[in-house]
Amino acid sequence: MAGMELLSDQGYRQDGRKATELRKVQARMGVFAQADGSAYLEQGNTKVLAVVYGPHEMRGSRGRTLHDRAVINCQYSMATFSTSERKRRPHGDRKSTEMSLHLKQTFEAAVMTRLYPRSQIDIYVKILQSDGGNYSVCVNAATLAVMDAGIPMRDYVCACAVGFVDETPLADLSYVEESGGVSSLALALLPRGGQIALVQMDARLHQDHLETLMEAAMTACKGVSKVLDEVVRHHLREASAPTGE
């Protein structure tokens with residue numbers, strides 16, 4: 001039943017997109033002057049602010065110091081007004097802690113941490129409006145913020161959530177699609193080399209669907225990387241443009 005509602009006979013989704021079509025992405029870098037790097041990103045109606053501090057000396061427990069590389073610290077949070085529930089979410093709740101860990105694992109695979117031994121890089125992401133794909137949009141926003149901070153990465157790390165409806169993979173799921181009971185996964189990819197940084201599945205997925213969904217997710221991530229690359233190039237053009245007298 002959910003499949004009939006989420007995908008029409010003509011192959012269109014509830015928001016008018018085709019199955020493999022990404023939501024519109026709009027982004028800006030350097031939006032928060034007090035941080036070393038920052039970015040604001042909208043992917044559909046999901047809106048995220050990401051800020052980066054560092055690399056800097058280790059703070060807190062010295063026992064966490066790594067002598068051969070930097071420690072990456074990630075903190076995920078949702079604004080109280082980000083969903084229609086208006087539910088207060090403390091920083092330490094289970095979902096936020098889990099998301100923070102996933103972001104940490106993702107960026108450990110992408111950031112060249114060995115260039116900064118005995119140091120720390122802090123990545124903070126806040127969901128300002130939630131409409132599906134929270135993990136993916138956070139990764140994409142944080143990638144731009146890390147690049148804005150001038151921290152070397154092996155490649156863009158791009159993420160996208162995909163789902164399976166009526167034997168058809170859907171790219172870049174919205175909240176309606178995520179909550180419609182579809183089999184889904186989120187993938188974070190370093191697109192040039194095809195290196196997978198993280199795969200996240202919140203529900204059971206039939207083995208027969210896994211390969212198809214992974215291929216759809218990798219294609220979607222490569223599409224996201226092209227958009228992020230254009231955002232970075234636009235930001236560099238603006239930064240290097242001569243200012244008026």
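The values are calculated or read from the model by the stated rules, or taken from the named source; none is laboratory data. Remember, predicted model here, so these are calculated numbers, not experimental data. Neighbour counts run over all protein chains shown; Cβ positions are idealised from the backbone, glycine included. Just the protein is used for accessible areas: all its heavy atoms, side chains included, with ligands, DNA and RNA removed. Shrake-Rupley method; radii C 1.70, N 1.55, O 1.52, S 1.80 Å.
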Item to check | Gained length - residue 206 relative to residue 97, 0.36 nm times residue gap less alpha-carbon distance | outcome: 36.5 nm
Item to check | Cα centre as origin, Lys/Arg/Asp/Glu Cβ charges: the stretch 103-210 dipole, Debye | outcome: 680
Checklist entry - From the phi of every residue in the stretch 143-158, what ³J(HN,Hα) in whole Hz does the Karplus formula 6.51 cos²θ - 1.76 cosθ + 1.60 yield, where θ is phi - 60° and glycine or proline is x? => result 4, 5, 5, 5, 5, 5, 6, x, 8, x, 10, 5, 5, 3, 10, 10
Checklist outcome for this item: Probe 1.4 Å, heavy atoms of protein chains only: per residue, the accessible area of the stretch 100-208 in Å² is 39
Checklist entry - Of 124, 210, 170, whose Cα points farthest to the positive end of the dipole of the chain (charges on the beta-carbon: +1 Lys, Arg; -1 Asp, Glu; origin at the Cα centre)? => result 124
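Using only the Cα atoms of the stretch 96-165, build the gyration tensor, take square roots of its eigenvalues as a ≥ b ≥ c, and label the shape rounded, prolate or oblate: rounded if a/c is under 1.5, else prolate if a/b is larger than b/c, else oblate.
Working: a/c = 2.02, a/b = 1.80, b/c = 1.12.
Prolate, since a/c reaches 1.5 and a/b exceeds b/c.
If you take the square roots of the eigenvalues of the alpha-carbon gyration tensor of the stretch 73-208 and sort them as a ≥ b ≥ c, do you get rounded (a/c under 1.5), prolate (a/b over b/c) or oblate?
Values: a/c = 2.15, a/b = 1.27, b/c = 1.69.
Cα axes put the stretch 73-208 in the oblate bin.
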Item to check | Cα centre as origin, Lys/Arg/Asp/Glu Cβ charges: the chain dipole, Debye | outcome: 940
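Per DSSP helix of 4 or more residues, -39500 (n - 2.57); summed, then divided by the residues of the chain. What does that give at 222 nm, rounded to the nearest 500?
Numbers: 5 runs with 73 residues, N = 245.
Result for the chain: -9500 deg cm²/dmol, rounded to the nearest 500.
Can you list the chymotrypsin sites (Phe, Trp or Tyr not before Pro) in the stretch 28-84 that are in a DSSP coil and have 12 or fewer other beta carbons within 10 angstrom?
When the chymotrypsin sites (Phe, Trp or Tyr not before Pro) of the stretch 28-84 are filtered for loop state and at most 12 Cβ neighbours within 10 Å, 81 remain.
What do you reckon, how do 136, 8 stack up by accessible area (1.4 Å probe), largest on top?
On the way: 136 5, 8 45 Å².
Correct descending sequence by accessible area is 8, 136.
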